[in-house]
Amino acid sequence: MVAKTRSQFIALPKPNLYLICSLMQDISGVYAALQEPKKIVITTHQKPDGDAMGSSLGLYHFLTAGGHSVQVISPTNWADFLQWMPGVDHVLDFEKQTAQSEQCLADANFIFCLDFNTLSRTKTMTAALEKHIGKLVLIDHHQQPQTAAFIFGVSNTAKSSTCEMVYDFIVASPQAHLLNTHIATCLYTGMMTDTGSFRFPATTASVHRAVAHFMEIGINHTSIHSQIFDSGSEHRLRFLGHVLTNRMEVYYEYNTATFCITAADIHKFHIKTGDTEGLVNFLLSMAGIRFAAIVIDREGERKWSFRSKGDFDVNTFARTYFEGGGHFNAAGGRSDESLAATYQKFLAILPTFKNQLQ
Ligand code: 5GP
Ligand code: MN
């Protein structure tokens, strides 16, 4: 999700490791290499969302139609609401199919990295990617990308979604004519999810022009919305009721609201990957709330999501205090502390931003 643009800086957490390719060349440099059939891996961030899976599968269909041998690898499992997407059955889960995935990475000529800014966003796959620096190609719209890790790439924080950037990559390529319904369906999905159904400020005229193009090609937008938003379980809806009733705190002096969700909640309501997606946005639907945060105790860590309205920079907030990052108005982070401890830390930080939040 992108709601605001800021100038970007290059962060090099491990400079020595990436010295071999310190200057990322423009993505257009790969078109020449793609004139011959290549072995290509496409990967994205852990727990891929609509934009991550949509951009990966959109590019997969495009490169496959262009005669390349292509494998999409997700670092982890993904939400059930993405399971309908064309091509998803061919995606490898690195955590479950590690050896096969590592072989594909070793065999690949290029590894396209979509919708993430630092290799650590691929969780347990990070070390495997670091072995293949020199093949990595970036297409992403997050702030402060680790550009030194990539040979070719494009990073544009003004873009609504990585799907929009894959669309730009396709239409600027010599094989733009290969754009088909499968590609358009996948790219529409991520453009729709990352723009909050075309409402965030990054939803430009170019986004709408791309959507018009997809509709001319023949996508079924009603079906896509329905598969994404109307496919949840009864458990998920009852969980939502529980969270809204019992887990919400509102701090009016800071125009801030939170959800703090325990491991027992996750267990009791059979919450699976993707079931908590979008939950944090409910907090911003309250008049006056400018900063929303959710913390969830799950899978060995405490995972934070931050959202803001207006000029409160949650990317910097997440980066400074919770080992995370993302976009100006939408970011995530994590903690190894207990749920109570990380939540107390959040509450202790809040007064620092009282003036900005009022
Ligand atoms: P979400 O809160 O929906 O998980 O993520 C919001 C945005 O922040 C997404 O663009 C996501 O890719 C990014 N993000 C989420 N968690 C992290 C994190 O731990 N580190 C970084 N750098 N970005 C994150
Ligand atoms: Mn995205």
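What the table below lists for this structure:
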| quantity | calculated |
| --- | --- |
| Extension gain from ASP311 to SER226, taking 0.36 nm per residue of separation minus the Cα-Cα distance | 27.4 nm |
| Computed over region 159-199, the ratio Rg/Rh where both radii use C-alpha atoms and Rh is Kirkwood | 1.00 |
| All-pairs alpha carbon distance profile, region 146-296, 10 Å steps from 0, percent | 9, 29, 29, 23, 9, 1 |
| Charge dipole magnitude, Cβ of K and R +1, D and E -1 - region 37-122, Cα centre, debye nearest 20 | 220 debye |
| Reference-scaled alpha-carbon Rg (2.2 N^0.38 Å with N residues) for the chain | 0.97 |
| Total lysine pairs whose alpha carbons fall under 14 Å of each other in region 27-155 (8 or more apart, or interchain) | 5 |
| Folded to 0 to 90 degrees: helix 205-217 orientation relative to the chain principal axis, Cα | 60 degrees |
| Hits among aspartates and glutamates - C-alpha to C-alpha of LYS309 under 19 Å, sequence gap 8 or more where chains match | ASP194, GLU249, GLU253, GLU277 |
| Zone residues, region 83-98, relative to HIS132, backbone N less than 18 Å from point 7 Å out along Cα-to-Cβ | 90-98 |
| Sites THR320 and HIS177, calculated FRET efficiency, Cβ-Cβ separation with R0 45 Å, nearest 0.05 | 0.45 |
| Distance between region 245-273 and region 92-112 - C-alpha centres, whole angstrom | 36 Å |
| Estimated FRET transfer efficiency (ILE349, GLN103; beta-carbon r; R0 51 Å; 0.05) | 0.70 |
| Segment GLU36-THR124, length gained on full extension (0.36 nm per residue, minus Cα span) | 28.5 nm |
| Ratio of the Cα radius of gyration of region 59-181 to 2.2 N^0.38 Å, where N counts its residues | 1.04 |
| Amide H within-cut-off set for ILE42, under 5 Å, with H built and near neighbours excluded | GLN71, VAL72, ILE73, PHE112 |
| Region 102-109 - phi-based ³J(HN,Hα) in whole Hz, Karplus 6.51/-1.76/1.60, Gly and Pro as x | 5, 5, 4, 4, 5, 6, 5, 7 |
| Kirkwood hydrodynamic radius of region 152-234, from inverse mean 1/r over distinct Cα pairs, in Å | 13.3 Å |
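Each reported figure results from applying straightforward, stated rules to the coordinates on display, with no laboratory input. Since we're looking at a predicted model, the values are computed, not measured. Please note: Cβ atoms are built from the backbone with ideal geometry, for glycine as well, and neighbour counts cover all protein chains shown.
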